[in-house]
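First up is the structure itself, then whatever we jot down about it.
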Amino acid sequence: MAQDGTFARRTPYDKTVLNVVCWLLQIAVAVFLVVQSAIPLYQGGEYNIETFDRIGFGQWFRYFTATVETAGAIGLLIPPLAGLAALGLVGVMIGAITTELTVRTAAGAVLPLELLVLFAVVAWYRWPQTTALLRRVVGRRR
């Protein structure tokens, strides 16, 4: 806010800086998601196997979750898909939080909650690209 009580307008420089920051965030969370979540799910450590047994859907769901996380991470790195991927990953994190709270411990829900916030920030910032993509897809069907 400016000293006269009005809000300053964003300059093209501000938008460029925000865009770079958002890309850095997208790259960081994509790498984290693959390295710290998807790969361990594919490898099937004891903790992950036990967790998915307790969920009750079987081990196929562990592979499905790892595949969805990998696809979301790749989507975060593709400009037209980044916002849509972030929205999808918000849904995945809601599932992870629910699982942690019902199958594991409340403390385990902290990391998925933090990731949810980061994915929501990306989805919000990339919303114009997401709506443009959806308009193109829907427009082609008519």
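Structure values in brief
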| quantity | calculated |
| --- | --- |
| Proximal charge balance of Glu50 [Cβ under 14 Å; K/R count +1, D/E count -1] | 0 |
| Extension gain, Arg136 back to Glu114 (0.36 nm per residue minus Cα-Cα distance, nm) | 4.7 nm |
| Cβ-based charge dipole, the chain, positive-most Cα from Ala73, Val34, Leu133 | Leu133 |
| Helix 110-125 axis, angle to the chain major axis (alpha carbon atoms, nearest 10°) | 30 degrees |
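Throughout, read-outs are computed from the coordinates displayed, never taken from laboratory work. Computed from a predicted model, the values in this text were never measured in an experiment. So basically every Cβ, Gly included, is an ideal-geometry build from the backbone, and we count neighbours across all protein chains shown.
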